[in-house]
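Data first, discussion second: the structure below is written as structure tokens.
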Protein chains: 2
Amino acid sequence: MAQLLLGKEVTASMNESLRCRAASLRSRGVTPKLVILRCGEASSDLAYEKSALARAAQIGVEAEVRALPQNVSRQALLDALDAVNADRSIHGCLLFRPLPQHLRPFQDEIVNRLDPAKDVDSMTSLSCSGVFTGQAVGFPPCTAQACMEILDHYGIACRGRRAVVIGRSLVIGKPVSMLLLARDATVTICHTKTDDLPAVTRQADILISAAGALGSLTADHVRPGQIVLDVSVNWDAQKPNARGGLGAIAGDAVFSEVEPVVGAITPVPGGVGAVTASVLIGHVVEAAERTL
Amino acid sequence: MAQLLLGKEVTASMNESLRCRAASLRSRGVTPKLVILRCGEASSDLAYEKSALARAAQIGVEAEVRALPQNVSRQALLDALDAVNADRSIHGCLLFRPLPQHLRPFQDEIVNRLDPAKDVDSMTSLSCSGVFTGQAVGFPPCTAQACMEILDHYGIACRGRRAVVIGRSLVIGKPVSMLLLARDATVTICHTKTDDLPAVTRQADILISAAGALGSLTADHVRPGQIVLDVSVNWDAQKPNARGGLGAIAGDAVFSEVEPVVGAITPVPGGVGAVTASVLIGHVVEAAERTL
């Protein structure tokens, strides 16, 4: 029986500390504020927006949604970002991506229009550079940092230990590798071209699975004592849901196989994903602190 | 007996192709041009400058040294960078680092003043971001790319194979890890805090040693068949030199121990370091090509 690493336990302690920091900012006349820029009404955007707004309210951070139409023009979106940059009362901005199809050719220009100091989810090149170099420019992607918050909360040391990351995306695989490296882990980055993945993952002390492939992490990939963070959010059409039917989200792990073997694991839902909104709001608080 | 991976063989074929590309640019009215900015006269800077100038001449790239005094002011150096940025006949700029002590507090401002399009040795944040994200913004550090040129020249495939990098600096360890990852290697990054380094390095198919520690790579770290790139340039006071005395440069490897075990290895000198200047000049050619 593995220890369950529960997002709600991590966020409970994060939120307490963030509430205190936000109150301290307000007492100095600064109300930390997040603006969410959304183009259209994708259901995954709306779900994350709802949890970010709730978390902001809990912590004492002001949050405002600026909803743009799905067919917003490139210029109108750039103008919206310029308005965020110019407004000193706004400390952080989340722009949902992927952008609508017609804006993808301008993606680089658009994401880099945001002031990196307000880039609370690592979309600008300068934030990426900060994650790579270890400098405090912008912020790491929220999901990558959520992994570190979980390790920290449960007192899991990284120094000298072997961390294996499955996935090399800019949203999670590469940045979480850099964050683990900054904590002195020995980091191995795996991906779809890796030969004999199970042999590599079994060597991990800390295993981060961000393959985004339902059922891809099996008993064969793990060994006793490992810490497993299952980052992916996949749709499992066969999984019983809370409404008594079938169809629910699930991670990469075949939970019934992996959980009995390893030392600790995050469930999906209720693991890494549950921490992300607190990290986002934490970045807004930190962005506000940096302006003092 | 390992195969020796010789820098001069790699540069011979690189230079041939670069001469052809430079000639093609000149036939279109564009002479690729490098400016070297140097503050003071550090002997290591002068040595690299000499080899860069020689390589530029061989390839048909114009090169100009702009030597600033050791005590150059922050503003005068920024002005020199602005002049490089403004001059459309200049395609690449190399600024020697480390900067003089009095300029270190302004290092971030100074290195980021250069137009990333002319940043042929990856000193700007945007170049770092490009290496991290895999975008063609700026260029990777020359030494990191020299490793890839050697692997390419000798037909050493990366895809699916295990690469282990010793060192996590921004000059070599982190960027070469990203370049290996872009070639679909499974990459492990080790460093001074890694537990049981020999056990990790023996798993490598391709081992990049950038520890910068004389004699740190021993027979214990390697196994038969491995490809070893020894990137470090250390001073070995006991090594016989060409003048019949003692004192010469050497890599991390105890060559007499490691070479008999592995499949292939770069000597020091004559390995990775011998390729760096060609990579630099190659970046200038590519920067010029990107302006067409």
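What to note about this one:
- Within segment A:250-292, considering residues that are over 18 Å from the mean Cα position of the chain (by Cα) and not assigned by TED's automatic domain parsing to the domain that holds A:Met148, the one surrounded by the fewest Cβ atoms within 10 Å (Cβ to Cβ): A:Leu292
- Verdict on A:Gly215 being surrounded by fewer than 23 Cβ atoms within 10 Å (Cβ to Cβ) and in contact with a Gly (Cβ under 8 Å, 6 or more places away or on another chain): no
- Scanning segment B:111-135 for residues that are of a type in the set (A, V, I, L, M, F, W, C) and touching a residue at least 40 places away in the same chain (Cβ under 8 Å) yields B:Ala117, B:Val120, B:Cys128, B:Val131, B:Phe132.
- Residues in segment A:55-78 that are of a type in the set (Lys, Arg) and either within 25 Å of A:Arg88 (Cβ to Cβ) or in a strand (DSSP E or B) (or both): A:Arg55, A:Arg66.
- In summary, helices (runs of 4 or more DSSP H) completely within segment B:109-202 and bearing 1 or more residues that are at the interface with chain A (Cβ under 8 Å from one of its Cβ atoms) occur at B:125-133, B:173-182, B:197-201.
- Flag for B:Ile90 being part of a helix (DSSP H, G or I) and in contact (Cβ under 8 Å) with a residue 24 or more places away in the chain: no
- Any hit, segment B:228-247, residues being on the phi > 0 side of the Ramachandran plot and part of a strand (DSSP E or B): yes
- Some residue of segment A:40-54 being part of a strand (DSSP E or B) and in contact with a helix residue (DSSP H, G or I) (Cβ under 8 Å, 6 or more places away or on another chain): no
- Breaking point among (1) free of Cβ contacts under 8 Å to residues at least 60 places away in the same chain; (2) surrounded by 13 or more Cβ atoms within 10 Å (Cβ to Cβ); (3) more than 21 Å from the chain's Cα centre (by Cα), for B:Leu103: (1)
- Test: A:Thr218 is of a type in the set (Ser, Thr, Tyr) and either on the phi > 0 side of the Ramachandran plot or within 14 Å of chain B (Cβ to nearest Cβ) (or both): no
- Residue within segment B:84-103 that is among the basic types (Lys, Arg) and touching a strand residue (DSSP E or B) at 6+ places or on another chain (Cβ under 6 Å) present: no
- Counted residues, segment A:30-46 - those being aliphatic (A, V, I, L, M) and in contact with a Lys or Arg (Cβ under 9 Å, 6 or more places away or on another chain): 4
The values are calculated or read from the model by the stated rules, or taken from the named source; none is laboratory data. Here the structure is a predicted model, which is why all the values come from computation and not from measurement. Note that we place each Cβ from the backbone using ideal geometry, even for glycine, and neighbour counts take in every protein chain shown.
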